[in-house]
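Colleague: Next up is a structure, given as structure tokens.
The values are calculated or read from the model by the stated rules, or taken from the named source; none is laboratory data. Computed from a predicted model, the values in this text were never measured in an experiment. For neighbour counting, all protein chains shown are included, and Cβ atoms are generated from backbone atoms with ideal geometry for every residue, glycine included.
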Amino acid sequence: MLDKIKQGLKKFLEIVSTKTITEKKVEEALWELKLQLISSDVSVIVADKISEEVKKSLVGVKIGLLEDIHELVKNSLRKAIEDVLQVSITGKIDLASEIKNKKNKPYVIALIGVNGVGKTLTAAKIAYMLKNKGLNCILAASDTFRAGSIEQLEKHGSKLNIKVIKQGYGSDAAAVAYDAINYAKARNIDAVIIDTAGRVQTDKNLMEEVKKIIKVAEPDLKIFIGDALTGNDMIRQAEEFNNSLKIDGSILTKVDADVKGGAALSISYITKKPILFIGVGGDYKDLEDFNANKFIEMLMPN
């Protein structure tokens, strides 16, 4: 995990830390770093941002006689990455507390994204997490388009002993969400998790359908679900969904298999919304809070 970016940062650190820091040496090393970042699925905008911040912090700096050049360069890298991930550091949401503190229940969570990124499993993982924190929730099967989607969600619901609200295939997805919210209101249920159909962000008809779900359900939290392995494709998807629906944050799936790490480094800077959780496996327990500071330390070379 994250091997490619870490290698690029390590190489930059080794080149720049060997002798006196000069503008030429920094620029040459930054060019190599930028190429490595881009090849690791970091967006060009984010790669440029990191390079610019590192250059500003290093070029022209006066180094004291006893100052450690290696640590100076390492700290400049860390600071640049912190800046890129700032919204994920400061914009974290304590989901359980948000749900507990909402006066008018239920707290509504809508999961959105393209096909095949793991929205349904992520819905089940969130339900499992909330249940373990003493909260009750139900699942809304608002994916009425994909064959087998309702049965898949019902299977998760059965395993977790969590109610699934559904209608038939081809029915109004917004009506399913509406029914689920009313069911939860009548029974004082803490949260409703809405699983929506995957849709290509450029398909206007499908985007209109999810807009209708959002309008009817008025979710407290709109979460973009993205597959970390798809790199820059995921970043473009997140940007389009954010432009259309104003997401509140993201969950990245398959992070455990992502050797590049560029998507995680880019998405919160591009959308200006935090990464909330990461999926690190196929079990219900494999949903972790995204800890930006821990992520940065994992990237930093020795």
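Colleague: Looking at (1) part of a loop (DSSP other than H, G, I, E, B); (2) over 30 Å from SER39 (Cα atoms); (3) at pLDDT below 95, find the lone condition where VAL259 falls short.
Modeller: (2)
Colleague: Are any of the residues in region 95-104 within 23 Å of LEU265 (Cα to Cα) and buried (at least 17 other Cβ atoms within 10 Å of the Cβ)?
Modeller: For region 95-104, residues within 23 Å of LEU265 (Cα to Cα) and buried (at least 17 other Cβ atoms within 10 Å of the Cβ): present.
Colleague: Consider LEU135 carefully, then state whether it is farther than 24 Å from ASN115 by Cβ, in contact (Cβ under 8 Å) with a residue 60 or more places away in the chain and within 24 Å of the chain's Cα centre (by Cα).
Modeller: No.
Colleague: Can you name the number of the only condition in (1) more than 23 Å from ASP227 (Cβ to Cβ); (2) hydrophobic (A, V, I, L, M, F, W, C); (3) surrounded by fewer than 18 Cβ atoms within 10 Å (Cβ to Cβ) that PHE145 fails?
Modeller: (1)
Colleague: Also, quick follow-up: If you scan region 253-291, which residues turn out to be in contact with a Pro (Cβ under 8 Å, 6 or more places away or on another chain) and of a type in the set (A, V, I, L, M, F, W, C)?
Modeller: PHE290
Colleague: Continuing with this model, one more query. I'd like the residue in region 191-239 that is modelled with pLDDT under 90 and among the basic types (Lys, Arg) and, out of all such residues, is farthest from SER149 (Cα to Cα).
Modeller: LYS204
Colleague: Just the residues that are in a helix (DSSP H, G or I) and either touching a Gly at 6+ places or on another chain (Cβ under 6 Å) or outside the structural domain of LEU111 (by TED's automatic domain parsing) (or both), please, taken from region 263-291.
Modeller: Matches in region 263-291: ALA263 only.
Colleague: Among the listed residues GLU53, GLU67, which satisfies the condition of being acidic (Asp, Glu), outside any helix (DSSP H, G or I), out of contact with any Ser or Thr (no Cβ under 6 Å at 6 or more places or on another chain) and at pLDDT below 95?
Modeller: Exactly one residue qualifies, and that residue is GLU67.
Colleague: Has region 179-189 got at least one residue that is among the basic types (Lys, Arg) and under 24 Å from the mean Cα position of the chain (by Cα)?
Modeller: No.
Residues are listed down the side, and each one gets a yes or a no for (1) in contact with a helix residue (DSSP H, G or I) (Cβ under 7 Å, 6 or more places away or on another chain); (2) touching a residue at least 40 places away in the same chain (Cβ under 8 Å); (3) not small (Gly, Ala, Ser):
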{"site": "ASN242", "(1), (2), (3)": "yes, no, yes"}
{"site": "LEU245", "(1), (2), (3)": "yes, yes, yes"}
{"site": "ASP258", "(1), (2), (3)": "yes, yes, yes"}
{"site": "LEU265", "(1), (2), (3)": "yes, yes, yes"}
{"site": "LYS272", "(1), (2), (3)": "yes, yes, yes"}
{"site": "ASP283", "(1), (2), (3)": "no, no, yes"}
{"site": "LEU287", "(1), (2), (3)": "yes, yes, yes"}
{"site": "PHE290", "(1), (2), (3)": "yes, yes, yes"}
{"site": "MET300", "(1), (2), (3)": "yes, yes, yes"}
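Colleague: Next question. So which of VAL114, VAL87 is within 30 Å of ALA141 (Cβ to Cβ) and either in contact with a helix residue (DSSP H, G or I) (Cβ under 8 Å, 6 or more places away or on another chain) or surrounded by 14 or more Cβ atoms within 10 Å (Cβ to Cβ) (or both)?
Modeller: Sole residue among the options that is within 30 Å of ALA141 (Cβ to Cβ) and either in contact with a helix residue (DSSP H, G or I) (Cβ under 8 Å, 6 or more places away or on another chain) or surrounded by 14 or more Cβ atoms within 10 Å (Cβ to Cβ) (or both): VAL114.
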